[in-house]
Amino acid sequence: MAVPVEKPRVLPPSASRERFRSLRTENFTESVIREMTRLAIQCDAVNLAQGFPDFPAPGVLKQAAHQAIDAEFNQYSITWGAKPFRDAIAAKYKRWYGIELDPEREITVCCGSTEGMIASLLAVTNPGEEVIVFEPYYENYGPDTELCSAARRIVPLRPPDWSFDPDELKRAFNSRTKAIIVTSPNNPTGKIFSREEFALIARLCHEFDALCITDEIYEHILYDGVEHIPILAIPGMRERGILVNSMSKTYSVTGWRVGWVLAAPDLTDSIRKVHDFLTVGAAHPLQMAGVTALALPESYYQGLAAEYQKRRDHILGVLEETGFRCFLPKGAYYVMADISGFGFDNDTDFALHLLERAGVAAVPGSSFFSNPADGRQLIRFCFCKKYETLELARQRLKRLA
Ligand code: GLN
């Protein structure tokens, strides 16, 4: 089966259109993750590429969203978030981690963590400053830093456990460093940064007067008894941490686009300004449903993690039996796998082969690296899917034999 290619619309000769393309957009391409979803739909493939569940969202949240619409929460909320939702966020962090937040001055509700991250970067960086990123990294951080005209400084995470060399991290910090981005639990590797690793990051942030922006969207998707450590709980990071999170993954509502950013009041001031002019605000009724979500009992979160752990173990079995060498994720819902057993020169060719031959979509590893060659023998599968979907993937992967 050949991958159908959509015909591009015919435009006038490119030279005359050149002046309409901003320099800002020149250095990045479309998202490979989202492109793989489009291809998966076109090819009727099992989509193990983009990380979103294919099972229903919790009924109680859907009801809460209906009720919020019926109760006329249908106009703008306050730009930085409906008060009941900000209060619910503050209560959550107090309950889970003992972190006290002022909902009036330290919380900004935004359109998913995607907006939270870029609003934070736009709020704190100036052109030419540096942002440190651990690699492999979630592909958004590339365009995010590009749109800020900030330079990325890469620190590699090395398999099998995705650890980093502390000296390499120290060398990445310098007088131009404005921030470091840490995603824990990590996308795409499933690494959980340890308390010691965070302590070193915190020490370097102090030494170089830098901030640590964390993407904690997989906070509740943890395996094998590991614990989540929010950046604001690291000693000394209450003033230097910017915590980005969202409802998407914890409550299986990736299409709701409701996230939040927690930061000290002065940082929050700047983040709110960017957020206000970027998007005005997140969907009001869905924020109100978020109040119900954040008050769910602990059993919900235990169930979520336990369920995903079973799916992780299931997909690891499937992939290993197919010939992939997998790196065990400790959190989040992705598996990075080594494809060298299949004899392909690069990951993109392999991902297309997987799509055409087996009807399974995954994300080429190179999309998580600044130098594509570093990811050419890697591929990422997501497993936030129904068992039937994972089973269908297993059947189809047999076609690779
Ligand atoms: N975080 C998801 C992934 O890595 C997708 C996010 C998105 O496409 N907005 O697959």
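Taking region 59-82, which residues are closer than 19 Å to TRP260 by Cβ and either within 16 Å of the ligand (Cβ to nearest atom) or out of contact with any His (no Cβ under 9 Å at 6 or more places or on another chain) (or both)?
LEU61, ALA64, ALA65, ILE78, GLY81
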Here the qualifying pairs (Cβ atoms under 8 Å; residues six or more apart or on different chains; first in region 297-326 and of a type in the set (Gly, Ala, Ser); second outside any helix (DSSP H, G or I) and modelled with pLDDT of 95 or more) come out as ALA305/HIS220; ALA305/ILE221; ALA305/LEU222; ALA305/TYR223
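Considering each residue of region 105-127, count those that are farther than 13 Å from ARG272 by Cβ and touching a strand residue (DSSP E or B) at 6+ places or on another chain (Cβ under 6 Å), and give that number.
Of all residues in region 105-127, those farther than 13 Å from ARG272 by Cβ come to 111-114, 117-118, 121, 125-127.
Next, from what is left, pick out any that are touching a strand residue (DSSP E or B) at 6+ places or on another chain (Cβ under 6 Å): 112-113, 117, 125.
Matching residues across region 105-127 total 4.
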Log entry, pairs with first residue in region 248-266 being over 21 Å from ALA295 (Cβ atoms) and touching a residue at least 12 places away in the same chain (Cβ under 8 Å), second being part of a loop (DSSP other than H, G, I, E, B) and within 13 Å of the ligand (Cβ to nearest atom), beta carbons closer than 9 Å, six or more apart or on different chains, reads GLY255/PHE52; GLY255/SER248
Restricted to region 97-125 and to residues being farther than 24 Å from PRO235 by Cα and not in a helix (DSSP H, G or I), the residue nearest to the ligand (Cβ to nearest atom) is CYS111
Inside region 253-286, the number of residues satisfying the requirement of being β-branched (Val, Ile, Thr), within 20 Å of the chain's Cα centre (by Cα) and within 17 Å of ALA90 (Cα to Cα) is 2
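Quickly run through region 90-118 and pick out the residues that are of a type in the set (Val, Ile, Thr) and either without any contact (Cβ under 8 Å) to a residue 60 or more places away in the chain or buried (at least 22 other Cβ atoms within 10 Å of the Cβ) (or both). Steps first, answer last, please.
First, the residues of region 90-118 that are of a type in the set (Val, Ile, Thr): 99, 107-109, 114, 118.
ILE107, THR108, VAL109, ILE118 - these are the residues of region 90-118 that are of a type in the set (Val, Ile, Thr) and either without any contact (Cβ under 8 Å) to a residue 60 or more places away in the chain or buried (at least 22 other Cβ atoms within 10 Å of the Cβ) (or both).
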Worksheet entry | Test for LEU397: is it aliphatic (A, V, I, L, M), touching a Ser or Thr at 6+ places or on another chain (Cβ under 7 Å) and either free of Cβ contacts under 8 Å to residues at least 24 places away in the same chain or on the phi < 0 side of the Ramachandran plot (or both) | yes
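Taking the condition of being within 14 Å of the ligand (Cβ to nearest atom) and either in a helix (DSSP H, G or I) or hydrophobic (A, V, I, L, M, F, W, C) (or both), how many residues in region 42-57 meet it?
Kept after step one, since they are within 14 Å of the ligand (Cβ to nearest atom), are these residues of region 42-57: 47-54.
Retained after the next criterion (residues that are either in a helix (DSSP H, G or I) or hydrophobic (A, V, I, L, M, F, W, C) (or both)): 48-49, 52.
Qualifying residue count, region 42-57: 3.
The values are calculated or read from the model by the stated rules, or taken from the named source; none is laboratory data. Source: prediction; values computed, not measured. Every residue, glycine as well, gets a Cβ built from its backbone with ideal geometry; the counts of neighbours run over all protein chains shown.
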